[in-house]
Amino acid sequence: MHELGLCSSIVDAIERRAGERSVARVRVRVGRLHHVHPDAFDQSFAVAAMGTVAEDAAAELVLLPVRARCGACEATWESDTIPLVCPTCASVELELVGGDELVLESIEYRGRKA
Ligand SMILES: [Zn+2]
């Protein structure tokens, strides 16, 4: 389950930012190229967060689409999977320009507002 490695990285990032503060909720943006399954993500996050400031925190996963650009006609588009041909001109000269994001977008702490 590779989500666990990914969640460990996220928890490391949370610990660096949170310091001693107890974390209530985080929001994470993950590109679809990471092939993260939401259920596996929840379980892995709970395991990775155990014994840290993020223990019992709610993790909200925001999946970002794969974005591709065509080298032939310069069309760009979004997809849930890795595209093989350009939908506009059928060229295979494609470049992936998004979908590998891994961003800790926000952290909410316990016992404080905002
Ligand atoms: Zn094209």
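The values are calculated or read from the model by the stated rules, or taken from the named source; none is laboratory data. Owing to the predicted nature of the structure, the values given are computational and were not obtained by experimental measurement. Neighbour counts run over all protein chains shown; Cβ positions are idealised from the backbone, glycine included.
Among the residues of region 73-89, those identified as near the ligand (Cβ under 8 Å from one of its atoms) and surrounded by 12 or more Cβ atoms within 10 Å (Cβ to Cβ) are Cys73, Ala75, Cys86, Thr88, Cys89. Screening region 33-65 for residues that are surrounded by fewer than 13 Cβ atoms within 10 Å (Cβ to Cβ) and hydrophobic (A, V, I, L, M, F, W, C) and picking the one that is nearest to Ile14 (Cα to Cα) gives Met50.
When you scan region 11-114 for strands (runs of 3 or more DSSP E) that lie fully inside it, which ones turn up with 3 or more residues that are modelled with pLDDT of 95 or more, over 16 Å from the mean Cα position of the chain (by Cα) and of a type outside the set (Asp, Glu)? I'd like the intermediate steps shown before the answer.
Details: elements: 23-31, 58-64, 66-70, 76-79, 94-98, 102-109.
Where strands (runs of 3 or more DSSP E) fall fully within region 11-114 and carry at least 3 residues being modelled with pLDDT of 95 or more, over 16 Å from the mean Cα position of the chain (by Cα) and of a type outside the set (Asp, Glu), they are 66-70.
Evaluate region 1-9: report whether one residue or more is farther than 18 Å from Asp100 by Cα, outside any loop (DSSP other than H, G, I, E, B) and either in contact with a Phe, Trp or Tyr (Cβ under 6 Å, 6 or more places away or on another chain) or hydroxyl-bearing (Ser, Thr, Tyr) (or both). No, region 1-9 has no match at all.
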